[in-house]
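J.: Here it is: the structure, laid out below.
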Amino acid sequence: MLSSDCRIEAARQRSGRALRIAARVFLAAAFAAGAHAALAQQPLVEKLVLDDTIQPVTEGQLDRAIARAESDHAAALLVEIDTPGGLVDSMRHMAGAVLSSRVPVIIYVAPAGARAASAGFFLLEAADVAAMTPGTNAGAAHVVFEIGKPDETMAQKVENDAEAFLRSYAGHRNRNIDAAVAAVQSSHSYTAEEALDKHLIDLTASNETQLLANLDNREITRMDGSKQTLHLANARIELVRPTLREDMLGWLMNPNIALLLLVCGALLIYLEFNTPGTIVPGALGTLMVLLAIFAFDLLPIRYTAVMLLVAAGILIALEAKFGGHGALAIAGIVCLTLGTLTLVAAPIPEMMINPWIALSVSSAFGAITAFLVRLAVRARRLKSLVGIDALVGHSASAMEPLTPEGHVLVEGEIWRAVADQAVAKGAQLRVVGREQYLLRVSPLDPPGNAV
């Protein structure tokens with residue numbers, strides 16, 4: 001009887017534990033479903049941070065961010081920008097991507113101390129919502145020519161084209177066209193308060209939370225003229241992080257890095273040619289040169305600078321081969337320095353090669369290359385120092401009369417030798433050639449009578 005009661009009690013306990021576990025599972029599932037439903041109802045804002053120059057890498061980042069925001073059905077794409085400007089072609093592509101985006105694009109100049117200068121100003125004005133944080137500035141968008149100063153007509157055409165591009169969308173965004181054009185014509189730059197007062201931006205905000213709160217329930221006009229109300233209250237912000245490829249390309253887009261890769265790669269390849277079979281210097285040098293060429297292909301390059309670099313290589317090689325008392329090497333280093341300084345036709349200082357780096361690299365590369373090439377040329381000119389050829393030019397002593405053949409002593413070794421005339425025993429001779437293992441000698445002093 002007692003055993004039966006124990007079994008019943010154990011069954012009741014097991015049943016109670018099962019019910020408690022089921023209740024916990026149910027509550028967890030209900031909580032997860034509720035959290036998922038709340039998350040689904042919470043608006044999503046994708047965020048991209050552009051704190052670099054405007055160039056092909058940032059162009060690709062913006063394209064990817066817009067595509068992701070559209071696929072995720074985000075309420076908006078927030079682009080936090082801090083840029084000194086950049087390339088015109090990349091700017092036009094990025095502005096076009098913003099204008100044609102199906103997701104509203106908010107461009108926010110932040111944090112304090114940031115700027116949207118030059119090409120960045122065009123992007124700011126292209127946004128569905130343009131905003132700035134206090135302590136920032138925007139403008140200074142006058143066109144800077146990459147290669148020299150064109151004639152007046154060409155300069156006017158380029159500036160008019162940039163102004164027309166800005167006017168083509170600034171009016172649709174309800175921005176002050178005159179103030180926007182002034183940033184291009186006269187390089188005007190505006191603080192956040194001035195930009196808001198002149199209707200170049202829509203609002204100012206101290207941080208992104210305040211920005212999204214102020215934009216909640218605001219109606220905006222899209223590029224096609226349609227109206228859209230933003231719902232951004234308590235929005236969930238997801239950061240669009242750069243990919244590994246974009247990080248590497250951004251690193252390579254630094255012209256100073258590209259220059260160092262090019263110079264170091266060239267030296268390693270030269271080392272491989274002089275010591276064939278080492279493999280590692282040649283492989284590593286080839287990789288570095290290819291990376292440098294890839295980077296320079298993304299940057300605007302002056303072909304006159306490339307010609308200067310080629311001329312520098314020729315002058316340094318001529319100095320090493322013929323010798324010019326250093327004049328050819330100095331001319332080559334000057335060409336190398338000018339070539340590296342002007343290699344990148346940068347529209348802004350941030351995309352130029354640092355003058356100190358260019359000078360240091362050019363001087364070191366020129367000196368090292370001239371030294372190595374000179375060593376190689378001298379090595380090729382040296383005569384063989386192995387075997388019988390090493391005896392040519394050495395002094396000899398006749399061990400017996402040469403009439404005209406006999407034995408001579410050369411560097412402590414006895415050799416058979418032949419002279420053009422009879423030579424007395426003990427005469428001092430010089431080795432002037434050889435015929436297989438027979439030395440040819442001639443007397444150092446006027447010939448005497450043979451004994």
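The values are calculated or read from the model by the stated rules, or taken from the named source; none is laboratory data. In this text, all values refer to a predicted model and were calculated from it rather than measured experimentally. Cβ coordinates were reconstructed from backbone atoms using ideal geometry, including for glycine residues, and neighbour counts include every protein chain displayed. Note: areas computed on protein heavy atoms with side chains; ligands, DNA, RNA excluded. Shrake-Rupley method; radii C 1.70, N 1.55, O 1.52, S 1.80 Å.
J.: Taking amide H positions as placed in the peptide plane 1.01 Å from N, state which residues far from residue 238 in sequence (5 or more) or on other chains have amide H under 5 Å from it.
T.: It is 45, 46, 47, by chain and number.
J.: Taking H as built 1.01 Å from N, whose amide H comes closer than 5 Å to the amide H of residue 434, not counting residues under 5 places away?
T.: Here 440 satisfy the definition.
J.: Enumerate the amide H contacts of residue 54 below 5 Å, restricted to partners 5 or more residues apart or on another chain; note that Pro and chain-start residues carry no placed amide H.
T.: Here the answer is 85, 86, 87, since their amide H atoms fall under 5 Å of that of residue 54.
J.: Rounded to the nearest 20 Debye, what is the dipole magnitude of region 54-107 about its Cα centre when Lys and Arg each give +1 and Asp and Glu each give -1 at the C-beta?
T.: It works out to roughly 120 debye.
J.: Could you run the Karplus curve 6.51 cos²θ - 1.76 cosθ + 1.60 with θ = phi - 60° over region 122-131 and give me ³J(HN,Hα) per residue in whole Hz, x for Gly and Pro?
T.: After applying 6.51 cos²θ - 1.76 cosθ + 1.60, I find 4, 5, 4, 6, 7, 5, 5, 10, 10, 9 Hz.
J.: Next up: Any idea of residue 307's accessible area? Nearest 10 Å², probe 1.4 Å.
T.: Rounded to the nearest 10, the figure is 130 Å².
J.: Now, a different point. Between residue 278 and residue 357, what length comes free when the chain is fully extended (0.36 nm per residue of separation minus the Cα-Cα distance, one decimal in nm)? Before the final figure, lay out the partial values.
T.: Values: separation 79, 0.36 × 79 = 28.44 nm, distance 2.96 nm.
Full extension of this stretch gives 25.5 nm more.
J.: Counting only protein chains, not ligands or nucleic acids, how are 310, 431 ordered by accessible area (probe 1.4 Å), most first? Intermediate results must be reported in sequence, preceding the final value.
T.: Working: 310 85, 431 5 Å².
Heavy-atom accessible area, descending, gives 310, 431.
J.: Something else now. Roughly how many nanometres apart are two label points built 7 Å out from the Cα toward the Cβ at residue 159 and residue 407?
T.: About 9.7 nm, to one decimal.
J.: By the scheme Lys and Arg +1, Asp and Glu -1, what is the net charge of all other residues having a beta-carbon under 11 Å from that of residue 212?
T.: +1
J.: Sort 290, 328, 402 by heavy-atom solvent-accessible area, probe 1.4 angstrom, most to least.
T.: The ranking, largest first, comes out as 290, 328, 402.
J.: Further, regarding this structure: Show me, for region 226-231, the HN-Hα J-couplings you get by feeding each phi into the Karplus relation (A = 6.51, B = -1.76, C = 1.60, θ = phi - 60°), rounded to Hz, glycine and proline as x.
T.: Using θ = phi - 60°, the values come out as 6, 9, 9, 9, 7, 10 Hz.
J.: How much accessible surface does residue 47 have with a 1.4 Å probe, in Å² rounded to 10?
T.: 30
J.: Starting from the Cα gyration tensor of region 93-144, take the square roots of the eigenvalues, sort them a ≥ b ≥ c, and report rounded, prolate or oblate (rounded when a/c is under 1.5, otherwise prolate if a/b is larger than b/c, else oblate).
T.: It is oblate, given that a/c is not under 1.5 and a/b is not larger than b/c.
J.: Follow-up. Given Cβ point charges of +1 (Lys, Arg) and -1 (Asp, Glu) and nothing else, what value in debye, to the nearest 20, does the dipole of region 68-220 about its Cα centre take?
T.: 120
J.: Please list, in order along region 238-250, the HN-Hα scalar couplings obtained from phi with the Karplus expression 6.51 cos²θ - 1.76 cosθ + 1.60 (θ = phi - 60°), rounded to whole Hz, x for Gly and Pro.
T.: Calculated HN-Hα couplings, in order: 10, 7, 8, 7, x, 7, 4, 4, 5, 5, 5, 5, x Hz.
J.: For 167, 222, give me the order by solvent-accessible area with a 1.4 Å probe, most accessible first, ignoring ligands, DNA and RNA. Could you put the intermediate results ahead of the total?
T.: Numbers: 167 110, 222 20 Å².
Descending order: 167, 222.
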